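Right, one structure below, let's go through it.
The values are calculated or read from the model by the stated rules, or taken from the named source; none is laboratory data. From a predicted model like this one, the values you see are computed outputs, not experimental measurements. When we count neighbours, we look across all protein chains shown, and the Cβ atoms used for this are built from the backbone with ideal geometry, even at glycine. All accessible areas refer to the heavy atoms of the entire protein, side chains included, with ligands and DNA or RNA removed. Shrake-Rupley method; radii C 1.70, N 1.55, O 1.52, S 1.80 Å.
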Amino acid sequence: MSQHRTSDGGTNGGRTGAVRAGNDRAESDRPGAGPTVHELPEYAERVLDVAELIPPGRVMTYGDVAEWLGDGGPRQVGRAMALYGSAVPWWRVVRSDGVLLPGHELRALDRYREEGTPLREASRGAEGHLPRLDMKRARWDGVTADGGGGADRDRGGGAHI
């Protein structure tokens, strides 16, 4: 994709240059938000493209995204999401154990409930009583509703889960 994202989820029309990572008050408390300006690296752009493909109510793990891309690993995907993820549905890229993103649990939980993402309620003994994602039901396999795959399938690359 040649367009670069801005913090509000828009693009800058394919122009090369800097991308604002989000520094206004509404953006500053979300993952990937920060006060500095960064050029969006190609790998991060690819990660964000996958995050945008994930349907509402579904999730992919950091490892799933790396596998989809056929490049990098969970840590690289996590880093890209941490730095640039505020421009996409960041709550849909998750840990494989279903634990909500530390520091962003309540915002993510609101999104999951809005979208109908399957959750497993926490036991009374669980710290904070926060639910986890029901990974068996919420995990998306990367196949679109029309039976096709994502961007990498069109290019012939990337593994699909």
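Side notes on the structure shown:
- Within region 115-161, the residues that satisfy the criterion of being assigned to a helix (DSSP H, G or I) and either modelled with pLDDT under 95 or surrounded by 11 or more Cβ atoms within 10 Å (Cβ to Cβ) (or both) are GLU115, GLU127, GLY128, HIS129, MET135, ARG137, ALA138, ALA151, ASP152, ARG153, ASP154, ARG155.
- Subset tally (residues that are assigned to a helix (DSSP H, G or I) and polar (S, T, N, Q)) for region 77-110: 1
- Positions within region 28-83 being open to solvent by 10 Å² or more (accessible area, probe 1.4 Å), modelled with pLDDT under 95 and under 16 Å from HIS104 (Cβ atoms), in sequence order: SER28, ASP29, ARG30, PRO31, ALA33, GLY34
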